[in-house]
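Let me begin by presenting the structure, written as structure tokens, before commenting on it.
The values are calculated or read from the model by the stated rules, or taken from the named source; none is laboratory data. Fair warning: this is a prediction, and the values are worked out from it, not measured in the lab. Please note: Cβ atoms are built from the backbone with ideal geometry, for glycine as well, and neighbour counts cover all protein chains shown.
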Amino acid sequence: MLFFLTALMVAAVDQFTKFWIRSYPEGGVIFQAGFFRITHASNSGAAFGILQDQTFFLTVVAFAGILVILLFALLFPRHYPFLNTTAGQIVLGLILGGTAGNLIDRLRFGQVTDFINVGIWPTFNLADSAVSIGVVLFAFLFLFSNKTRTLLQSGVPD
């Protein structure tokens with residue numbers, strides 16, 4: 001339940017912030033504080049602007065990603081107990097919610113609305129942040145789970 005609640009919350013907040021940002025003209029600075037800016041930008045590609053205008057491909061990849069996340073959340077917890085923890089459920093929810101948030105944009109507009117601009121970093125959104133944070137935390141949980149540690153030490157899969 002926590003998994004789905006986290007995913008729903010991430011997707012809802014992501015869509016709300018993008019709705020708000022789209023009320024401003026594209027390209028304009030909405031807020032600025034030092035190297036941090038809120039701007040309205042559109043991205044028809046993936047992270048860092050790669051795969052521009054590949055909406056169909058990126059949509060298929062997002063659906064495949066959602067399927068993989070659902071498999072991890074619903075089928076793999078018995079093999080990887082860390083997925084059954086509160087942290088594991090939240091991490092998978094972050095990844096699912098972020099993926100769904102950007103997929104909604106691709107399906108509705110053919111591109112993703114970005115708005116967070118930090119220094120020289122490419123402009124991104126809350127869904128991107130949720131996926132990035134979720135993936136890093138998932139890797140951390142995976143690498144430091146007891147089963148993974150035992151597997152790496154023994155070199156023998158179960």
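Taking A87, is it of a type in the set (G, A, S), modelled with pLDDT under 95 and either surrounded by 13 or more Cβ atoms within 10 Å (Cβ to Cβ) or within 21 Å of S23 (Cα to Cα) (or both)? Can you show your working first?
Values: of a type in the set (G, A, S): yes; modelled with pLDDT under 95: yes; either surrounded by 13 or more Cβ atoms within 10 Å (Cβ to Cβ) or within 21 Å of S23 (Cα to Cα) (or both): yes.
Yes, satisfied.
Tallying residues that are surrounded by fewer than 17 Cβ atoms within 10 Å (Cβ to Cβ) and polar (S, T, N, Q) within the range 102-149 yields 4.
Only residues that are of a type in the set (A, V, I, L, M) and assigned to a loop (DSSP other than H, G, I, E, B) were counted across the range 20-36, and they come to 0.
From G93, G98, grab the single residue that is over 24 Å from T123 (Cβ atoms), in contact with a helix residue (DSSP H, G or I) (Cβ under 9 Å, 6 or more places away or on another chain), surrounded by 18 or more Cβ atoms within 10 Å (Cβ to Cβ) and at pLDDT 95 or above.
Working: G98 fails: over 24 Å from T123 (Cβ atoms).
Result: G93 is the single residue among G93, G98 that is over 24 Å from T123 (Cβ atoms), in contact with a helix residue (DSSP H, G or I) (Cβ under 9 Å, 6 or more places away or on another chain), surrounded by 18 or more Cβ atoms within 10 Å (Cβ to Cβ) and at pLDDT 95 or above.
Among the residues of the range 13-41, which ones are under 17 Å from the mean Cα position of the chain (by Cα), touching a residue at least 24 places away in the same chain (Cβ under 8 Å) and closer than 16 Å to R108 by Cβ? Full working, then the answer.
First, pick out the residues of the range 13-41 that are under 17 Å from the mean Cα position of the chain (by Cα): 13-18.
Of the ones still in play, those that are also touching a residue at least 24 places away in the same chain (Cβ under 8 Å) are 13-15, 17-18.
D14, Q15, T17, K18 - these are the residues of the range 13-41 that are under 17 Å from the mean Cα position of the chain (by Cα), touching a residue at least 24 places away in the same chain (Cβ under 8 Å) and closer than 16 Å to R108 by Cβ.
Could you tell me whether the range 72-81 includes any residue that is of a type outside the set (D, E) and closer than 22 Å to Q15 by Cβ? Explain how you work it out, then say what you get.
Step one: filter the range 72-81 for residues of a type outside the set (D, E), giving 72-81.
Restricting the remaining residues to those that are closer than 22 Å to Q15 by Cβ gives 73.
Taking every residue of the range 72-81 in turn, at least one turns out to be of a type outside the set (D, E) and closer than 22 Å to Q15 by Cβ.
If I filter the range 58-79 for residues that are within 21 Å of V136 (Cα to Cα), assigned to a helix (DSSP H, G or I) and touching a Phe, Trp or Tyr at 6+ places or on another chain (Cβ under 6 Å), do I get at least one hit? Yes, because at least one residue in the range 58-79 is within 21 Å of V136 (Cα to Cα), assigned to a helix (DSSP H, G or I) and touching a Phe, Trp or Tyr at 6+ places or on another chain (Cβ under 6 Å).
Annotation: of all residues in the range 64-82 being in contact (Cβ under 8 Å) with a residue 24 or more places away in the chain and of a type in the set (A, V, I, L, M, F, W, C), the one that is farthest from A130 (Cα to Cα) is F82.
Inspection of the range 24-39 identifies at least one residue that is touching a Lys or Arg at 6+ places or on another chain (Cβ under 9 Å) and β-branched (V, I, T).
Are any of the residues in the range 139-150 among the hydroxyl-bearing types (S, T, Y), outside any helix (DSSP H, G or I), farther than 24 Å from R37 by Cα and at pLDDT below 95? Before the answer, list the steps.
Of the residues in the range 139-150, the ones among the hydroxyl-bearing types (S, T, Y) are 145, 148, 150.
Those left that are additionally outside any helix (DSSP H, G or I): 145.
The next check asks that each one be farther than 24 Å from R37 by Cα; those that pass are 145.
So of that shortlist, the ones also at pLDDT below 95 come out as 145.
Checked the range 139-150: at least one residue is among the hydroxyl-bearing types (S, T, Y), outside any helix (DSSP H, G or I), farther than 24 Å from R37 by Cα and at pLDDT below 95.
Among the residues of the range 17-44, count how many are among the charged types (D, E, K, R) and over 13 Å from F124 (Cα atoms). Before the answer, list the steps.
Keep residues of the range 17-44 that are among the charged types (D, E, K, R), which gives 18, 22, 26, 37.
Checking which are over 13 Å from F124 (Cα atoms) leaves us with 22, 26.
Matching residues across the range 17-44 total 2.
The residues listed here are T39, T17; of these, the one that is in a helix (DSSP H, G or I), among the polar types (S, T, N, Q) and surrounded by 11 or more Cβ atoms within 10 Å (Cβ to Cβ) is T17.
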